[in-house]
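Participant: Sharing a structure here in structure tokens format.
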Amino acid sequence: MKQRTLSIIKPDAVKAGYIGDILSRFQKEGLHIVAMRMTQLSQSQAEGFYAVHRERPFFGELVEFMTSGPIVAITLEADDAIQGYRTLMGATDPAKADEGTLRKLYASNVQNNAVHGSDSPENAQIEIAYFFSALDLVG
Ligand code: CMP
């Protein structure tokens, strides 16, 4: 079943010049780009996006990191896109990520972990709508 998921290329990976490599992996893995934009989140936008983590001890640093530079938000579409993209990303902590995954290749640590991906169909819908309107989604 065709499914959509939200990907974010985070400030660390943008700064390090990995946008092209990551987009290329999406295409190789059959994750079709249906919307994409580069932006820099304000503090309140980052807090809103990560609201579910508000009570976590790392929340303040996470918001600081996510606002530290431009990000690229992308809507991906494929059969089973959510799980497929999560497998491509690898574990949240790059030290635990499998070889060849985006986080193993491009992440520095559990916070500066290069990419984000939605974890459920419900959150994918919320996260896609956070960055894109229906008119932005192609196909
Ligand atoms: P992400 O998949 O975007 O979802 C929540 C983010 O919080 C996560 O990636 C990391 O950037 C960050 N994060 C998760 N766990 C930790 C942790 N233990 N310490 C610091 N940051 C974390």
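Participant: Select from segment 95-113 the residues that are within 12 Å of the ligand (Cβ to nearest atom) and either in contact with a His (Cβ under 7 Å, 6 or more places away or on another chain) or within 15 Å of ASP21 (Cβ to Cβ) (or both) and list them in ascending order.
Facilitator: LEU102, ARG103, ALA107
Participant: A further question follows. Which residues, counting only those in segment 90-139, are part of a loop (DSSP other than H, G, I, E, B) and of a type in the set (Phe, Trp, Tyr)? Walk me through it before giving the result.
Facilitator: Taking segment 90-139 as the starting set, the residues that turn out to be part of a loop (DSSP other than H, G, I, E, B) are 90-93, 97-101, 107-114, 118-120, 132-133, 137-139.
Scanning segment 90-139 gives a single hit, PHE132.
Participant: Could you check how many residues of segment 13-23 are open to solvent by less than 40 Å² (accessible area, probe 1.4 Å) and either under 17 Å from GLY100 (Cβ atoms) or in contact (Cβ under 8 Å) with a residue 60 or more places away in the chain (or both)?
Facilitator: First, pick out the residues of segment 13-23 that are open to solvent by less than 40 Å² (accessible area, probe 1.4 Å): 13-14, 22-23.
Those still in the list that are either under 17 Å from GLY100 (Cβ atoms) or in contact (Cβ under 8 Å) with a residue 60 or more places away in the chain (or both) too: 13, 22-23.
Matching residues across segment 13-23 total 3.
Participant: Okay, next question. Would you check if LEU137 is open to solvent by less than 90 Å² (accessible area, probe 1.4 Å), within 16 Å of ALA16 (Cβ to Cβ) and not small (Gly, Ala, Ser)? So that I can check it myself, show each step before the final result.
Facilitator: Details: open to solvent by less than 90 Å² (accessible area, probe 1.4 Å): yes; within 16 Å of ALA16 (Cβ to Cβ): no; not small (Gly, Ala, Ser): yes.
Criteria not met by LEU137.
Participant: Hey, can you tell me all the residues within segment 62-119 that are open to solvent by 40 Å² or more (accessible area, probe 1.4 Å) and at positive phi?
Facilitator: ASP80 - this is the single residue of segment 62-119 that is open to solvent by 40 Å² or more (accessible area, probe 1.4 Å) and at positive phi.
The values are calculated or read from the model by the stated rules, or taken from the named source; none is laboratory data. Not measured: the values here are computed from a predicted model. When we count neighbours, we look across all protein chains shown, and the Cβ atoms used for this are built from the backbone with ideal geometry, even at glycine. Note: accessible area is taken over every heavy atom of the protein model, side chains too, but ligands, DNA and RNA are not part of it. Shrake-Rupley method; radii C 1.70, N 1.55, O 1.52, S 1.80 Å.
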